[in-house]
Amino acid sequence: MNFAERVKKIEEMLNEDWFEMLETNEDEYEEWRGRLEDHAEQVVGHYDNETGVDMDSVDKLLQLNDEFPLLYGEDTVRLYVALIEARPEDKSAYERYIDYLAAIGDATHEEFLRFHTLVEAGRLDEARTLAPQMPKRLGLED
């Protein structure tokens with residue numbers, strides 16, 4: 001399976017009645033969750049190894065990840081930065097990245113507020129330059 005196919009598989013799995021599984025059959029849910037996490041791990045590997053990954057698939061994966069977190073840390077940051085680079089004028093990509101950063105970091109941090117202000121002001125070129133540096137600026141990585 002390539003990147004886009006893995007994203008589609010993750011989407012299909014998330015459309016299953018997993019919440020009922022969780023409530024009625026914990027073993028079945030754990031097996032389902034394990035398969036889902038395997039797909040998430042492999043999709044990142046595909047992203048790293050494929051050239052010309054479709055940005056619509058990256059976008060879909062990030063939307064799915066917002067609903068049911070499977071990817072964490074630097075993998076998610078890389079995908080958001082790639083989406084921003086591919087769609088530099090798409091303010092919603094920046095806003096979703098801001099939401100992600102707020103969820104994992106300190107939304108009152110000076111650097112976060114600076115980045116947020118740049119996006120709100122429509123200064124997307126400056127925000128795009130800062131996007132890859134944000135986790136470090138927020139003290140989330142060394």
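The values are calculated or read from the model by the stated rules, or taken from the named source; none is laboratory data. Everything quoted here is computed from the prediction, not taken from an experiment. Note that each Cβ is placed from the backbone with ideal geometry, even for glycine, and that neighbours are counted across all protein chains shown. Just the protein is used for accessible areas: all its heavy atoms, side chains included, with ligands, DNA and RNA removed. Shrake-Rupley method; radii C 1.70, N 1.55, O 1.52, S 1.80 Å.
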Query - Options R123, R96, R87, R114: the member that is at pLDDT 95 or above, among the basic types (K, R) and closer than 30 Å to R35 by Cα - result: R96
Query raised in the report: Does R114 fit the bill of being open to solvent by 80 Å² or more (accessible area, probe 1.4 Å) and either part of a helix (DSSP H, G or I) or closer than 24 Å to E67 by Cβ (or both)?
Result: yes
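Count, please, the residues in segment 12-22 that happen to be assigned to a helix (DSSP H, G or I), open to solvent by 30 Å² or more (accessible area, probe 1.4 Å) and modelled with pLDDT under 95. Before you say what the answer is, go through the steps one by one.
Going residue by residue through segment 12-22, those that are assigned to a helix (DSSP H, G or I) are 12-14, 18-22.
Still in the list and also open to solvent by 30 Å² or more (accessible area, probe 1.4 Å): 12, 18-20, 22.
Adding the requirement that they be modelled with pLDDT under 95 leaves 18-20, 22.
Going through segment 12-22 one residue at a time, the tally reaches 4.
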Query raised in the report: Which residues, counting only those in segment 23-51, are open to solvent by 80 Å² or more (accessible area, probe 1.4 Å) and not polar (S, T, N, Q)?
Result: E23, E26, D27, E28, E30, E31, R35, E37, D38, E41, D48
Query raised in the report: With respect to K8, is the statement that it is modelled with pLDDT of 95 or more, within 30 Å of K136 (Cβ to Cβ) and open to solvent by 50 Å² or more (accessible area, probe 1.4 Å) true?
Result: no
Requested in this report: Scan segment 20-38 and report the pairs whose first residue is in contact (Cβ under 8 Å) with a residue 12 or more places away in the chain and whose second residue is open to solvent by 50 Å² or more (accessible area, probe 1.4 Å) and part of a helix (DSSP H, G or I), with Cβ atoms within less than 7 Å and a gap of 6+ or a chain change.
Outcome: W32/W18
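Condition check: crowded, with 19+ Cβ neighbours inside 10 Å and among the acidic types (D, E). Does D59 satisfy that? Quick ask: steps written out before the conclusion?
Numbers: crowded, with 19+ Cβ neighbours inside 10 Å: yes; among the acidic types (D, E): yes.
So D59 fits the description; yes.
Can you tell me which residue within segment 51-105, out of those that are assigned to a loop (DSSP other than H, G, I, E, B) and aliphatic (A, V, I, L, M), is farthest from the chain's Cα centre (by Cα)? Break it down into steps so the answer makes sense when it comes.
First, pick out the residues of segment 51-105 that are assigned to a loop (DSSP other than H, G, I, E, B): 51-54, 68-72, 87-90, 105.
Add one more test, that the residue is aliphatic (A, V, I, L, M), and what stays is 53, 70-71.
Working: V53: 15, L70: 9, L71: 7 Å.
Step by step, filter segment 51-105, then rank; the result is V53.
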